[in-house]
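Reading through the structure tokens given below for one structure.
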Amino acid sequence: MSGGNNFDAFFKSFFNPICSFIERVMGGAEDVTDLAQDVFLKVFERWKEFDSEENAKAFLFISARNLCFDRLRRKQAESNYVSRYLQENEFKTSVFLQEVMRQETFRILYSAIDRLPEQTRQVILLGLDGNSNQEVSKALGVSINTVKTLKKNGYAALREILSKDYLILLLILLGEF
């Protein structure tokens with residue numbers, strides 16, 4: 001078909017119907033007018049190739065459908081990327097905050113342990129490193145009963161040094177790690 005006037009009439013006849021079509025396909029989420037203009041631009045670029053208005057109309061609706069589907073696929077890909085990005089960052093933030101809490105917990109705990117008498121402090125530290133009472137006894141050259149007594153007295157002193165609030169927090173956080 002030839003002639004710009006025919007395209008103007010075609011545009012005026014089909015602009016509102018194509019906008020309605022795009023809005024239904026897209027669920028009203030996109031700027032319908034911009035998409036419709038993109039579709040009509042494709043028709044205009046090929047206007048001289050159409051031998052009838054029916055062929056131009058078929059091309060118009062097929063182009064609109066394809067453009068909508070491409071836009072929906074791109075939107076879904078972007079949504080998946082954003083969702084994955086947010087999940088990863090949420091996980092990274094969560095891990096970061098856990099590590100900050102863990103380090104602060106250990107700082108508070110070791111600060112309190114440093115206030116204990118030397119031998120009691122050594123017993124508690126060796127115990128925290130995973131040594132059994134027997135291993136602590138050998139390492140310090142004291143009896144197992146002395147280790148048990150120092151450990152008992154050390155935990156009692158820590159309970160007093162660390163308020164009940166800190167102690168509960170420490171027990172909860174140490175239990176998670």
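Please treat every number below as a calculation from the coordinates, not as lab data. Everything numeric in this text was worked out from a predicted model, so none of it was measured. Note that each Cβ is placed from the backbone with ideal geometry, even for glycine, and that neighbours are counted across all protein chains shown.
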Can you tell me the length gained on complete extension of the stretch Ser20 to Arg102, counting 0.36 nm per residue apart and subtracting the Cα distance? 23.8 nm
Jot down the per residue volume, in cubic angstrom and as a whole number, of the convex hull over the alpha-carbon atoms of the stretch 13-159. 181
To the nearest 20 debye, the stretch 116-165 has a Cα-centred charge dipole, built from +1 on Lys and Arg Cβ and -1 on Asp and Glu Cβ, of 160
Can you work out the PRE-style zone for Lys138? Point 7 Å along Cα to Cβ, and I want the residues of the stretch 113-132 with backbone N under 13 Å. 131-132
Give me the dipole magnitude in Debye, nearest 20, for the stretch 1-114 about the Cα centre, with unit charges on the beta carbon: positive for Lys and Arg, negative for Asp and Glu. 200
First select every other residue whose beta carbon is under 11 angstrom from the beta carbon of Val147; then total the charges, Lys and Arg +1, Asp and Glu -1. +3
Positive-end residue, the stretch 25-159 charge dipole about Cα centroid, Cβ charges, pick of Ala56, Gln37, Val123: Val123
So if each residue of separation counts as 0.36 nm, and I subtract the Cα-Cα distance between Leu125 and Asp70, what length gain in nm does that give? 13.5 nm
